[in-house]
Structures are given as C-alpha cells and as structure tokens.
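J.: Please see the structure below; I have some questions.
The values are calculated or read from the model by the stated rules, or taken from the named source; none is laboratory data. Only a predicted model underlies this, so the values are computations on that prediction, with no experimental measurement involved. Glycine also receives a Cβ, built like all others from the backbone with ideal geometry; neighbour counts cover every protein chain displayed. Side chains are part of the model used for accessible areas, which takes the heavy atoms of the whole protein and leaves out ligands, DNA and RNA. Shrake-Rupley method; radii C 1.70, N 1.55, O 1.52, S 1.80 Å.
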Amino acid sequence: MTESLESWRHSGAWFSYRGHAVFVRRAGDPAAPALLLIHGFPTASWDYAPVWDGLAARWRVLTLDMLGFGFSAKPRRYAYRIADQADLVQAFLQAEGIGTYHVLAHDYGDTVAQELLARNSADQHLASVCLLNGGIFPETHRPLPIQRLLSSPVGPLVARLSTRSTFAVSMRRIFSRGRPPTADELDSLWSLVTGGDGRAVLAAVSRYRLERRPQRPRWVGALQTARAPLRLINGTDDPIAGSAMAARYRELVPAPDVVELEGVGHYPQIEAPERVLRAYCNFRAGIP
C-alpha cells in the first residue's frame, strides 16, 4: 500500500537552499550506495512512494521536492531554471556528505539528471542514471495543450483558472487506460501542485520546457557521451513521452538499454511500481 501524503510529509525533513525551505526524505542504510530520486512536473517526490520501501531495503535512498514543487518553498520572484535545480541537488548531496551517487529520475527530473550528467565530476560522481518517461528529446516530446498554454504568455492566467477537475482530466489522459489515477491519488497530487500558493508559480515553473531546445546539444550530448551506465524504463502508453521517445533513445544513445512497459502510461512508478522496481534492480545488478 502506498504511503499516504500526510505520512510522507511527517517522515521528511528540511534543507535550506538560498534561504528557501526544501523538503527532503531519507531512508535506508547510510553505509549503502546512495540513490537519488528526482521527481517530475508538476508533482513532487511523493510520486516515488510506491517504490520507496523496495528501494530503501537495498540502498541509501534520498529525494527532495525541488523549488516550486510539493512541500518545498514556491517563491514568486524566482528564475526556475533547470541549472538552478541541479545546483540545488548538488548542494543537498554535498550537505549529506555524498560524493558518489546513482539517479532514478522521471519527467522534469530527467532533464535535471541530464544536466547533472553533463556536469559529472570526480567530486560528485554520478555512477549510473535510470530515466523514466520524460522529455529527453524535445523533437519527440508531445506536451499536452495545457502544458503548452502554461509555458506561453497566458500561462499565469491558465494557472489561476486551473481546478481539481481540469487537473484530473489531464492526469487521466497521461495515465494508461488500464490503470487510471484513483480519486485519492488525484487529491494528493492536486494538493502537491496547489499547496503553498502553487498556482502562483505554476506557469513560471512550467517554462522549463522552453529550455530543452536551446540546451539540446548539452543535454542530449550528455547521454551520448556518458561513461556512467544508463537505462530507460518507458511506459509505452504515455501520449507525452511513450514509445516514440523510446524509439528515439535507441536511435541516438550508444548501446541503448531500454525496458518498455506495455500498458503503462506517463507515471510508471505509480502505475506499475513492481515492474519498475524489478527493472531498476536488474539494472543495478549489472553494474559492478
């Protein structure tokens, strides 16, 4: 059973970044290899609750709600850039005393992971990267109309007019038909988006999508030249970043390691947690 949102928050802690409060979670053996979970847009780290215990039984697991997301601060006057979110991640890892780490990322988190991979260094060594569904390649990313509107000049108005009902319609479109989000999941996810005056920053946060094309050489290049092991776990029924994204990954990434989950949509870790856990553990088992 997935941990409730209330329990998830109560079991968390806080980290300060540039004067802003950032929600973090830790679990597992502190002596085990570190695994960082990076969430997607527009939700938060609670997305990983269905696989949390399974991962924490094997590794030292850490996650956080990035600025503008979930329980973390959502400052109105802030430049929500992917590079800054990567700075936040690196500051958190440094505070935790972590030099070598692995990443499991989803959606927006994929792009943050690509930036971290582009920065990979001896001081903070990224030992492996596993990506779930996300806009890894801008040419095969198919955002929903609401996403296009949010990142447009009318984005602030669209955000203010968003309701739990319109949110539910969008989420049901990106989950698979065989496993739609439950009412409780929608309530929790909606509260993560809107809590802390989230509507006021939703448009600003969503503009990350506009960074992907100008930054494509850096972020796609990071995958193509990576020395760290990579794997893509892809829900093929995702209308945003499903089978077409997986096909493009096979075309562009050398020696592509792809696990396709048939009948799964945009949120594999929620829709098919056992399959994601199995695919991820198999990936890690193959890394010396």
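J.: So is V112 open to solvent by less than 10 Å² (accessible area, probe 1.4 Å) and either acidic (D, E) or not in a helix (DSSP H, G or I) (or both) or not?
T.: Spelling it out, it is not the case that V112 is open to solvent by less than 10 Å² (accessible area, probe 1.4 Å) and either acidic (D, E) or not in a helix (DSSP H, G or I) (or both).
J.: What is the one condition in (1) open to solvent by 30 Å² or more (accessible area, probe 1.4 Å); (2) at pLDDT 95 or above; (3) part of a loop (DSSP other than H, G, I, E, B) that I98 does not satisfy?
T.: For I98, the exception is condition (1).
J.: Would you confirm whether or not region 84-98 contains a residue that is free of Cβ contacts under 8 Å to residues at least 24 places away in the same chain and within 25 Å of S191 (Cα to Cα)?
T.: yes
J.: Residue under question is A200, and the condition is that it be open to solvent by 20 Å² or more (accessible area, probe 1.4 Å) and among the small types (G, A, S); does it hold? Don't jump to the end; show me each part of the working.
T.: Numbers: open to solvent by 20 Å² or more (accessible area, probe 1.4 Å): yes; among the small types (G, A, S): yes.
Answer is yes for this residue.
J.: Hey, among the residues in region 120-129 that are assigned to a loop (DSSP other than H, G, I, E, B) and of a type in the set (S, T, N, Q), which one's farthest from the chain's Cα centre (by Cα)?
T.: Within region 120-129, the first condition is being assigned to a loop (DSSP other than H, G, I, E, B), and the residues that meet it are 120-124.
Retained after the next criterion (residues that are of a type in the set (S, T, N, Q)): 120-121, 124.
Details: N120: 19, S121: 22, Q124: 20 Å.
Among them, the one singled out is S121.
J.: Okay, moving on. Would you check which residues across region 156-172 are in a helix (DSSP H, G or I) and surrounded by 17 or more Cβ atoms within 10 Å (Cβ to Cβ) and list them?
T.: V158, A159, F167, A168, M171
J.: Just need a number here: residues in region 130-155 that are open to solvent by 60 Å² or more (accessible area, probe 1.4 Å), without any contact (Cβ under 8 Å) to a residue 24 or more places away in the chain and assigned to a loop (DSSP other than H, G, I, E, B).
T.: The total comes to 2.
J.: With the requirement that a residue be open to solvent by 30 Å² or more (accessible area, probe 1.4 Å), in contact (Cβ under 8 Å) with a residue 40 or more places away in the chain and in a loop (DSSP other than H, G, I, E, B), what does region 173-182 give you?
T.: Selection gives R177, G178, R179.
J.: Does any residue in region 211-227 that is closer than 11 Å to Q114 by Cα come within less than 7 Å, Cβ to Cβ, of a residue that is open to solvent by 70 Å² or more (accessible area, probe 1.4 Å) and not in a helix (DSSP H, G or I) six or more places away or on a different chain, and which pairs are these?
T.: Note: pairs meeting the criteria are Q224/P254.
J.: A further question on this structure: Pairs needed: first member in region 1-20, without any contact (Cβ under 8 Å) to a residue 60 or more places away in the chain; second member anywhere, aliphatic (A, V, I, L, M) and surrounded by fewer than 17 Cβ atoms within 10 Å (Cβ to Cβ); C-beta distance under 7 Å; at least 6 residues apart or different chains.
T.: Cβ pairs passing all conditions: W14/A21.
J.: Please find, within region 1-50, the residue that is farthest from C281 (Cα to Cα) out of those that are small (G, A, S), part of a strand (DSSP E or B) and open to solvent by less than 60 Å² (accessible area, probe 1.4 Å).
T.: So the residue we want is A21.
J.: Could you check how many residues of region 203-253 are assigned to a helix (DSSP H, G or I) and either open to solvent by 20 Å² or more (accessible area, probe 1.4 Å) or not hydrophobic (A, V, I, L, M, F, W, C) (or both)?
T.: Filtering region 203-253 for residues assigned to a helix (DSSP H, G or I) gives 203-211, 216-224, 243-252.
Adding the requirement that they be either open to solvent by 20 Å² or more (accessible area, probe 1.4 Å) or not hydrophobic (A, V, I, L, M, F, W, C) (or both) leaves 204, 206-211, 216-218, 221, 224, 243-244, 247-252.
Residues in region 203-253 being assigned to a helix (DSSP H, G or I) and either open to solvent by 20 Å² or more (accessible area, probe 1.4 Å) or not hydrophobic (A, V, I, L, M, F, W, C) (or both): 20 in total.
J.: Only one residue in A159, A122, A118 is more than 30 Å from A247 (Cβ to Cβ) and either at pLDDT 95 or above or in contact with a helix residue (DSSP H, G or I) (Cβ under 8 Å, 6 or more places away or on another chain) (or both). Which one?
T.: A159
J.: Continuing with this model, one more query. Could you tell me whether P273 is touching a residue at least 40 places away in the same chain (Cβ under 8 Å) and open to solvent by 10 Å² or more (accessible area, probe 1.4 Å)?
T.: In short, yes.
J.: Taking region 192-201 as the region of interest, how many residues are touching a residue at least 60 places away in the same chain (Cβ under 8 Å) and more than 16 Å from the chain's Cα centre (by Cα)?
T.: Residues flagged as touching a residue at least 60 places away in the same chain (Cβ under 8 Å) and more than 16 Å from the chain's Cα centre (by Cα) within region 192-201 amount to 6.
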